[in-house]
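A.B. asks: Quick one: this structure, given as structure tokens, is what I'll be asking you about.
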Amino acid sequence: MGSSVAELELAEPYLREVLGTVGLDVEYLRASGNTLFYQDAAGNEVPVLDLACGFGSLILGHHHPEVVARAKELLDSQVPVHAQFSRHSYANDLAAVLNRIIARETGSSEPYWAIFGNSGAESVEISIKHAEMERGARLAELVSEVEAGVAAARAAVGRGATVAPEVFAALGLPATAGFDAVADAVTTRTADLTGRAPVFLALEGGFHGKLVGSIQLTHNEGYRTPFTRLAARCRFVAVGDVAGLRAIVEQESRSLTVLTVDGDAVTGVERALPVFGGFFVEPIQGEAGIRVLPAEFGAEISRVCEETGAPLIMDEIQSGMGRSGAFLASSRIGLRGDYYLLAKSLGGGIAKSSVMLVRGERYQRDFELAHSSTFAKDAFSCHVALKVVELLEADGGAAYRMAAERGAALKSRLEKVRGDFDDVVLDVRGEGLMLGFEFRDQSSSPSAQIAQTAQEGFFGFAVAGYALRTHRLRLFQTASAMNTFRFEPSIFLSDAEIDQIDSGLRDICALLRAADGERLMGTS
């Protein structure tokens with residue numbers, strides 16, 4: 001390969017350039033617990049407290065020794081990674097363990113069937129496909145009922161039955177129209193409505209991935225708009241807006257006319273069309289700025305799903321696996337999903353793994369033949385996931401209690417910083433070890449540098465760069481709430497690390513209060 005090509009930055013060069021402007025283009029060489037390490041110009045190893053932790057993927061931290069030992073054992077034993085179309089008992093074991101946890105946290109013993117994948121976004125894509133297959137089965141049943149109704153009505157008319165006036169009115173036909181016109185109208189309407197794409201529901205601020213289907217469920221227009229022509233159709237609902245949710249349901253709902261025979265009269269009944277493909281919900285919205293779904297609105301979502309037949313798809317990719325203080329964050333607000341999506345920490349920070357779990361009465365067996373994924377359900381990732389779940393469940397769920405206790409300790413300190421700098425900090429929120437720290441908008445800062453950085457949408461990068469340079473803290477803002485920083489460390493967060501966070505945040509707040517743009521940008 002020519003040297004000119006070899007010297008080019010070919011792997012996402014624009015992102016590297018952006019990171020470089022604020023000093024975030026650091027190459028980490030080692031990781032352990034909550035710490036990443038890089039090498040400085042003198043060759044010294046520099047520790048950095050990692051508070052992003054793989055965007056919530058490291059509930060047990062980097063390279064947990066028991067997870068690493070299990071991974072080494074699997075590799076040393078030459079466990080097959082590729083053995084498609086064979087028995088995968090370890091996948092079944094993992095599904096069974098997850099079922100027991102779901103039953104414990106939701107109080108339901110109905111089984112959930114599992115389809116495995118590689119990433120959170122893939123599990124969302126899988127759920128979109130499965131939900132549409134499920135909807136298709138319901139559509140087929142309804143179409144069969146319509147066709148049977150037309151046939152029965154035709155036979156009745158042949159015996160002298162008459163069509164009730166309200167049938168003509170419902171179909172927009174004159175009362176003088178014959179039965180053939182009625183049958184054609186029913187058939188045409190059925191074909192038109194059943195041929196339309198499903199409508200998915202999701203929450204404003206939600207993030208469900210960036211693949212072709214999942215990106216249309218992600219509320220951030222900057223991610224979604226360039227790809228709307230590829231779109232699955234989605235209607236977004238403001239969190240807490242019951243009236244808005246009900247209005248969307250009313251706007252999108254449709255029905256089909258089923259002809260019925262009542263003695264010598266042909267009448268019609270309206271059957272609700274399964275319009276809605278599914279309602280995607282994060283019990284804690286990560287990318288929206290770490291926002292916990294209110295329990296009362298969650299209950300309303302559940303009611304809407306029950307009324308419309310739409311599956312409630314709980315996206316626990318970031319909030320699940322114990323991060324909230326329970327295995328499922330949704331269980332803390334009394335929600336039970338028809339689907340559960342898990343990923344991130346499922347792989348223990350080592351394996352790439354995800355799973356979609358579907359409630360038994362909704363499961364479509366044929367989906368197993370219609371969908372496949374080369375790297376899904378392999379022995380390595382499933383055994384690693386089993387070890388992760390074993391560690392979370394050990395000692396009566398001690399890990400969940402640690403998440404709750406360590407999260408409460410960190411949140412208390414964050415709130416104290418907010419109290420001392422309420423002119424700079426707007427809010428602290430979240431549950432367990434999924435916390436958000438929101439700065440006030442700095443676009444009107446007396447510092448031209450800070451104001452410009454905020455106006456251009458790079459405030460978060462600037463703060464993260466300063467935190468790394470000055471305090472060895474790895475911070476990142478949330479994607480759709482650029483002034484909110486996420487705190488998602490492992491359950492092994494120490495008091496000393498909380499002190500380090502407190503010290504760094506207080507310095508950043510003091511810098512913003514003083515409008516010291518030169519220090520923030522490292523130009524002083």
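Please treat every number below as a calculation from the coordinates, not as lab data. Keep in mind it's a predicted model, so treat the numbers as computed, not measured. FYI the Cβ positions are ideal-geometry reconstructions off the backbone, even for glycines, and counts take in every protein chain you see.
A.B. asks: For a quick size check, give me the Cα extents of segment 89-377 along its three principal axes, largest first, whole Å.
C.D. replies: Dimensions of segment 89-377 along the principal axes of its Cα atoms: 72, 41, 36 Å.
A.B. asks: Can you give the relative contact order of segment 89-377 as a percent, counting alpha carbon pairs under 8 Å and 6+ residues apart?
C.D. replies: Here the relative contact order equals 26 percent.
A.B. asks: Cα centroids of segment 37-107 and segment 387-455: how far apart, whole angstrom?
C.D. replies: Segment 37-107 and segment 387-455 have Cα centres separated by 24 Å.
A.B. asks: Tell me the Kirkwood radius of segment 341-487: reciprocal of the mean inverse pair distance over distinct alpha-carbon atoms, in Å.
C.D. replies: That comes to 18.8 Å for segment 341-487.
A.B. asks: OK, next. What is the spread of the Cα atoms of the chain along each of their three principal axes, largest first, in whole Å?
C.D. replies: On the principal axes, the chain reaches 97, 61, 56 Å in Cα extent.
A.B. asks: Hey, another quick one. Could you let me know the centre-to-centre spacing of segment 474-510 and segment 205-243, using Cα atoms, in angstrom?
C.D. replies: Cα centres, segment 474-510 to segment 205-243: 28 Å.
A.B. asks: Can you tell me the mean projection area, over all orientations, of the convex hull of segment 59-151's alpha carbons? Units nm², please.
C.D. replies: Mean projected area for segment 59-151: 10.1 nm², to one decimal.
A.B. asks: Then there is this: Between the helical axis of 120-158 and the dominant principal axis of the chain, each derived from Cα atoms, what acute angle in degrees is found, rounded to the nearest 10?
C.D. replies: The helix 120-158 is inclined about 10 degrees to the chain.
A.B. asks: Taking the simple approach of a point 7 Å from Cα along Cα-to-Cβ for both Leu29 and Arg235, what is their distance in nm?
C.D. replies: The answer from the label model is 5.6 nm.
A.B. asks: Give me the angle, in degrees from 0 to 90, between the Cα long axis of helix 379-420 and the longest principal axis of the Cα atoms of the chain, rounded to the nearest 10.
C.D. replies: Approximately 70 degrees, to the nearest ten.
A.B. asks: Would you tally the net charge around Ala202, using a Cβ to Cβ cut-off of less than 10 Å, leaving Ala202 out, and scoring K and R as +1, D and E as -1?
C.D. replies: Here the count lands on -2.
A.B. asks: Moving on to the next point. With a point put 7 Å past each Cα toward its Cβ, work out how far Glu307 is from Ala11 in nm, to one decimal.
C.D. replies: Result: 5.1 nm between the two label points.
A.B. asks: Which cross-chain or sequence-distant (5 or more) residues have an amide H under 5 Å from the amide H of Phe476, H modelled 1.01 Å from N in plane?
C.D. replies: When sequence neighbours closer than 5 places are left aside, the close amide H contacts are Arg486.
A.B. asks: For all pairs of alpha-carbon atoms in segment 215-365, what percent lies in each bin of width 10 Å, listed from the first bin to the last filled one?
C.D. replies: 10, 32, 34, 15, 6, 3, 1, 0
A.B. asks: Take each of the peptides 81-87, 405-411, 64-70, 240-246, average the number of other beta-carbon atoms within 10 Å over its residues, and list them starting from the highest.
C.D. replies: My ranking of the peptides, most packed first, is 405-411, 64-70, 240-246, 81-87.
A.B. asks: Counting only C-alpha contacts under 8 Å and six or more residues apart, can you give the relative contact order of segment 375-457 as a whole percent?
C.D. replies: 17
A.B. asks: If I model segment 279-421 as equal point scatterers sitting on the Cα atoms and use the Debye formula, what is log10 I(q)/I(0) at q = 0.15 Å⁻¹?
C.D. replies: Listed by q, the Debye log ratios stand at -0.90.
A.B. asks: What relative contact order, as a whole-number percentage, does segment 297-394 give when Cα pairs under 8 Å and 6 or more residues apart are counted?
C.D. replies: Values: 109 pairs, mean separation 22.9, N = 98.
Result for segment 297-394 is 23 percent.
A.B. asks: Also, quick follow-up: Using only Cα atoms, tell me the angle between helix 495-513 and the longest principal axis of the chain; keep it within 0 to 90° and round to the nearest 10.
C.D. replies: 90
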